Amino acid sequence: MEIGKVGVLVVLVVLVGLSGWSSASDHQHKRKKAVFPEPAASSSLINIIQSSVVFPLYGNVYPLGYYYVSLSIGQPPKPYFLDPDTGSDLSWLQCDAPCVRCTKAPHPLYRPNNNLVICKDPMCASLHPPGYKCEHPEQCDYEVEYADGGSSLGVLVKDVFPLNFTNGLRLAPRLALGCGYDQIPGQSYHPLDGVLGLGKGKSSIVSQLHSQGVIRNVVGHCVSSRGGGFLFFGDDLYDSSRVVWTPMLRDQHTHYSSGYAELILGGKTTVFKNLLVTFDSGSSYTYLNSLAYQALVHLVRKELSEKPVREALDDQTLPLCWRGKRPFKSVRDVKKFFKPLALSFPGGGRTKTQYDIPLESYLIISLKGNVCLGILNGTEAGLQDFNLIGDISMQDKMVVYDNEKNQIGWAPTNCDRLPKFKAAIL
Ligand SMILES: *[C@@H]1O[C@H](CO)[C@@H](O)[C@H](O)[C@H]1NC(C)=O
Ligand SMILES: *[C@@H]1O[C@H](CO)[C@@H](O)[C@H](O)[C@H]1NC(C)=O
């Protein structure tokens, strides 16, 4: 039961692990006080420290086209597969409220249980423009629309999210999420139970956990080019000195944007300058605005004109594919034809901050054995001037969105293994 208010420490429902208690004492300076009515067994009073949560990720960029995380929600907890989306705030589940329009989902629909968030709740206000008046004071209606045309409409509820922390603690905070009873699938529809909103806004899961005092307001992910990877909340899974950081733009409410970058081909050719880029785990591919896209395609075509590849017009995998003399088996087979890309951010002082985009991070090999450009025309996708760095270009890197220090960071990482924790328990 949550009895706190915003800015006040909130009471959490917790399952206490013995091992967590011992590691908690190592970090007394970080402690926050809270009370834990335990749902099943005995209750106990302990202090929480700020820790991290790690989730394995499943899926791949191609052929599947999305990653997902398995999360248990509710009392008793039931599993759901959610799309981790750093491009939006609100988490929601396809919901039997009853459902008006739901898409195919891997698990039975979520059922709300008298856990509606009322209209006056500050969480509800954060989902609406200032001055918004609810139609029904006893509930909070929401509607989220995504750039690909998809949407979810429903009511806000609060439910329990059992989480295992890296210090061994098990907590079950009550967090707000959408009970989505009317979904319209967009162009990049994924057959999942819902979305895990990881944006900067108040309703995002990370912000909510942060306001309850259990994690630092940091989210990160590591997706592997071999599929899978991991997602984490909190800041003790990486060595900050090994991460390359660039400041985040402050005037963006939901999105993690850092600007303005220069796109470079082959280490020296400028493709485009002053790109405002947004890091978005909810997007499988990378998108550039029409002009930047045009410039990139022009340069890539020029490079390829002398090479033994032809445009494969019959391959519909992505808008632009090329065929070689023989079918390609992996991106290694096209190393001679393509050059790596990089984004160069103006760093503090003399050093420029570079974000490498090797071939694997912008090309895919289609099932037909052609090589396709995994950077798409964002204007065509309705993104206007947005430039999105999608999963394809974040592979084999740890990408960290640090809302405490207002910076985005990255570090080349083998994402196939879960990281070792300082107080390894999991
Ligand atoms: C937490 O860890 C326990 C013990 O390993 C496991 O049974 C449980 O499923 C985990 N819960 C979550 C939410 O990961
Ligand atoms: C990108 O998409 C827009 C909108 O559909 C279109 O007008 C433009 O020509 C496209 N650019 C390229 C280079 O294909």
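Take Lys104 and Leu276, extend 7 Å from each Cα along the Cα→Cβ direction, and tell me the distance between the two endpoints in nm.
Distance between the two pseudo-spin positions: 3.9 nm.
Quick one: among Pro308, Pro84, Pro191, which has the greatest mean-square fluctuation in a GNM of the chain with alpha-carbon springs under 10 angstrom?
Pro308
Any idea which of Leu169, Tyr238, Gly201 is furthest toward the positive side of the dipole for the chain, if Lys and Arg beta-carbons carry +1 and Asp and Glu beta-carbons -1?
Positive-end residue among those listed: Tyr238.
Between Cys134 and Gln187, 0.36 nm times their residue separation minus their Cα-Cα distance comes to what?
Working: separation 53, 0.36 × 53 = 19.08 nm, distance 3.04 nm.
Fully extending the segment from Cys134 to Gln187 adds 16.0 nm.
May I ask for the angle, rounded to the nearest 10°, between helix 290-304 and the longest principal axis of the chain, with both axes built from Cα atoms and the value confined to 0 to 90°?
The angle comes out near 50 degrees.
Taking 0.36 nm per residue of sequence separation and subtracting the Cα-Cα distance, how much length would be gained by fully extending the chain between Asp385 and Gln75, in nm to one decimal? Before the final figure, lay out the partial values.
On the way: separation 310, 0.36 × 310 = 111.60 nm, distance 4.29 nm.
So the extension gain works out to 107.3 nm.
If R₀ is 22 angstrom, what is the calculated FRET efficiency for the pair Arg310 and Tyr260, using the beta carbon separation as r and rounding to 0.05?
Working: r = 36 Å, r/R0 = 1.62.
E(calc), rounded to 0.05, equals 0.05.
Treating the beta-carbon of each Lys and Arg as +1 and of each Asp and Glu as -1, no other charges, what is the dipole magnitude of the chain about its Cα centre, to the nearest 20 debye? Each step should come with its number before you reach the end.
Details: 42 positive and 38 negative charges, 280 e Å.
In total the dipole reaches around 1340 debye.
State, to one decimal in nm, how far the label point of Lys268 lies from the label point of Asp416, with both points 7 Å from Cα in the Cβ direction.
Result for the modelled spin labels: 3.5 nm.
How long is the gain from Arg226 to Lys120 if the chain were fully straight, where each residue apart is worth 0.36 nm and the alpha carbon distance is subtracted? Walk me through the intermediate numbers first.
Details: separation 106, 0.36 × 106 = 38.16 nm, distance 4.59 nm.
Value of the extension gain: 33.6 nm.
In deg cm²/dmol and to the nearest 500, what is the mean residue ellipticity at 222 nm of the chain if only DSSP H runs of at least 4 residues count, each as -39500 (n - 2.57), divided by the residue total? The partial results should precede the final answer.
Working: 4 runs with 33 residues, N = 426.
After summing the helix terms and dividing by the residues of the chain, the value is -2000 deg cm²/dmol.
Quick one: which of Lys339/Lys397; Lys329/Lys352; Lys200/Lys397 span more than 25 angstrom between C-alpha atoms? Please list the in-between numbers first.
On the way: Lys339/Lys397 19 Å; Lys329/Lys352 35 Å; Lys200/Lys397 21 Å.
Violating the 25 Å limit, Cα to Cα: Lys329/Lys352.
Report relative contact order for the chain in percent, whole number only (criteria: Cα-Cα under 8 Å, sequence separation at least 6). Before the final figure, lay out each step's value.
Values: 1058 pairs, mean separation 77.1, N = 426.
Across the chain, relative contact order equals 18 percent.
Below 8 Å, C-alpha to C-alpha, sequence gap of six or more: please give me the relative contact order for the range 240-412 in percent. Intermediate results must be reported in sequence, preceding the final value.
Details: 354 pairs, mean separation 55.2, N = 173.
RCO, the range 240-412: 32 percent.
With only Lys, Arg, Asp and Glu charged, each at its Cβ (+1 for the first two, -1 for the last two), find how big the charge dipole of the range 77-208 is about the Cα centre; round to the nearest 20 debye.
Value, rounded to 20: 440 debye.
From the backbone phi of the range 380-390, what are the Karplus-calculated ³J(HN,Hα) couplings (6.51 cos²θ - 1.76 cosθ + 1.60, θ = phi - 60°) in whole Hz, Gly and Pro given as x?
5, 7, x, 8, 6, 8, 5, 10, 9, 8, x
Based on the Cβ-Cβ distance of Leu249 and Ser151, what FRET efficiency does E = 1/(1 + (r/R0)^6) give at R0 = 35 Å, to the nearest 0.05?
Values: r = 26 Å, r/R0 = 0.73.
The pair Leu249/Ser151 has a calculated efficiency of 0.85.
Between Gly149, Gly390, Gly197, where does the largest GNM mean-square fluctuation fall for the chain, given springs only between Cα atoms within less than 10 Å?
Gly149
Each value in this text was obtained by applying a stated rule to the coordinates, not by laboratory testing. Model, not experiment: these values are computed from the prediction. Backbone-built Cβ (ideal geometry, glycine too); neighbour counts: all protein chains shown.
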